């Protein structure tokens with residue numbers, strides 16, 4: 001569908017805003033408003049474009065061109081239900097319109113109606129099998145349904161029809177990644193970058209594949225490239241920090257997590273990982289401050305309570321630590337590390353049987369939780385033979401200086417304690 005010369009855009013915009021009493025020959029009204037609407041649409045003035053196209057339909061409700069342009073404009077405005085109804089009207093006028101069928105699929109896809117969207121894209125392909133974008137859109141629908149093998153086939157067909165499509169390469173890589181075919185995914189991302197080297201998300205996705213392949217230095221370079229392309233990309237900073245954390249480069253990870261949190265101050269997962277990094281750097285009070293912020297952002301975010309429990313346990317706030325673990329388990333009963341932490345406290349206060357059950361539950365949930373496996377064995381041995389064990393609590397052999405330090409840390413921890421248990425003992 002051709003659009004008018006952009007040189008007339010300003011003139012046509014003024015005409016759209018003018019009174020509908022502008023003297024125009026009746027036979028030219030349709031062409032007049034279509035040109036004006038197209039000019040506004042091209043300039044991104046969708047409300048004005050919609051007004052122009054709607055004027056055509058007032059005089060000619062059966063205009064296929066006007067119905068199509070109204071639907072296109074509604075789609076651009078994000079009015080997906082209205083766009084869907086408009087494309088269905090186009091298809092009532094022209095049942096074999098492949099373009100409208102594809103766009104109907106897009107409206108459905110934006111409404112998260114992925115199964116009907118897939119059907120629409122497949123119908124568009126039956127009507128016009130040589131249109132690359134139809135295959136690309138079908139691939140997106142398959143991917144949204146977790147049918148990644150089918151998505152790979154659709155993206156590959158899109159690339160056969162349009163080898164220069166960088167986004168099809170990237171989406172192909174995403175589906176290959178979901179299929180655990182990381183080497184092939186990496187090749188697809190490389191091809192996407194060759195076609196569009198300044199697209200940040202392509203470098204970010206390449207970094208993810210490299211990180212999974214444990215090619216960490218290359219992953220860091222990929223994330224650096226993503227940040228260079230998009231300096232405000234918080235996900236790239238967070239992913240870069242993840243790699244640094246995995247490789248135990250905590251001091252380097254810290255500023256990356258802080259930058260990610262600065263760019264997206266409402267993401268609790270980033271703050272959680274920032275707290276883990278501070279804990280790894282032996283900065284427990286700073287970590288608690290971060291965790292308190294997480295709880296304020298989202299009191300239902302379970303993992304943070306487990307980490308708070310670990311820190312409170314380490315500074316001998318056993319009652320408060322137990323409260324934190326219980327809160328974590330109330331939110332997520334399958335948190336193995338919260339069961340493990342709860343077991344530590346029960347063990348240290350002499351409730352060996354309950355501690356054994358807590359450790360056993362932790363091991364059931366996560367067989368790789370080594371400390372839980374160790375203490376499960378110790379508690380079993382104690383309960384069956386009576387063999388004594390030495391509590392892990394520092395209170396039995398700590399010095400007066402260490403006791404004073406613990407009391408100081410407890411005082412500093414009060415802000416987070418007030419969030420976990422308002423009645424926490426001072």
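The values are calculated or read from the model by the stated rules, or taken from the named source; none is laboratory data. A quick note: this is a predicted structure, and the numbers were derived from the prediction, not measured. Glycine also receives a Cβ, built like all others from the backbone with ideal geometry; neighbour counts cover every protein chain displayed.
Among the residues of region 176-190, those identified as touching a residue at least 24 places away in the same chain (Cβ under 8 Å) and either at positive phi or assigned to a helix (DSSP H, G or I) (or both) are 176, 177, 178, 182, 183, 185, 186. Answer with yes or no whether residue 226 is without any contact (Cβ under 8 Å) to a residue 60 or more places away in the chain and either touching a strand residue (DSSP E or B) at 6+ places or on another chain (Cβ under 6 Å) or part of a helix (DSSP H, G or I) (or both). Judged against the criteria, residue 226 is a match.
Every listed requirement among (1) more than 22 Å from residue 365 (Cβ to Cβ); (2) surrounded by fewer than 20 Cβ atoms within 10 Å (Cβ to Cβ); (3) in contact with a helix residue (DSSP H, G or I) (Cβ under 9 Å, 6 or more places away or on another chain) is met by residue 352 save one, (1).
Among the criteria (1) modelled with pLDDT of 95 or more; (2) in contact with a helix residue (DSSP H, G or I) (Cβ under 6 Å, 6 or more places away or on another chain); (3) crowded, with 17+ Cβ neighbours inside 10 Å, the one residue 46 does not fulfil is (1).
Here residue 367 passes the criteria (1) under 42 Å from the mean Cα position of the chain (by Cα); (2) modelled with pLDDT under 55; (3) exposed (fewer than 15 other Cβ atoms within 10 Å of the Cβ) except the one numbered (2). Of the candidates 84, 75, the single residue that is outside any loop (DSSP other than H, G, I, E, B), in contact (Cβ under 8 Å) with a residue 24 or more places away in the chain and buried (at least 23 other Cβ atoms within 10 Å of the Cβ) is 84.
What tally of residues in region 120-141 results from selecting those that are touching a helix residue (DSSP H, G or I) at 6+ places or on another chain (Cβ under 8 Å) and surrounded by fewer than 22 Cβ atoms within 10 Å (Cβ to Cβ)?
Residues meeting the conditions: 9.
Can you confirm whether region 193-206 contains a residue that is in contact (Cβ under 8 Å) with a residue 12 or more places away in the chain, assigned to a helix (DSSP H, G or I), over 21 Å from the mean Cα position of the chain (by Cα) and surrounded by 23 or more Cβ atoms within 10 Å (Cβ to Cβ)? No, region 193-206 contains no residue that is in contact (Cβ under 8 Å) with a residue 12 or more places away in the chain, assigned to a helix (DSSP H, G or I), over 21 Å from the mean Cα position of the chain (by Cα) and surrounded by 23 or more Cβ atoms within 10 Å (Cβ to Cβ).
Are any of the residues in region 1-21 under 21 Å from residue 97 (Cα atoms), in contact with a helix residue (DSSP H, G or I) (Cβ under 6 Å, 6 or more places away or on another chain) and either at pLDDT below 95 or surrounded by fewer than 16 Cβ atoms within 10 Å (Cβ to Cβ) (or both)? The answer is yes; a qualifying residue exists. Scanning region 87-99 for residues that are surrounded by 14 or more Cβ atoms within 10 Å (Cβ to Cβ) and not in a helix (DSSP H, G or I) returns 94, 97. Six or more apart or on different chains, Cβ under 7 Å: which pairs go from a residue in region 330-356 that's without any contact (Cβ under 8 Å) to a residue 12 or more places away in the chain and at negative phi to one that's surrounded by 16 or more Cβ atoms within 10 Å (Cβ to Cβ) and part of a helix (DSSP H, G or I)? Could you list them? Short answer, once both residue conditions are applied: 354/346.
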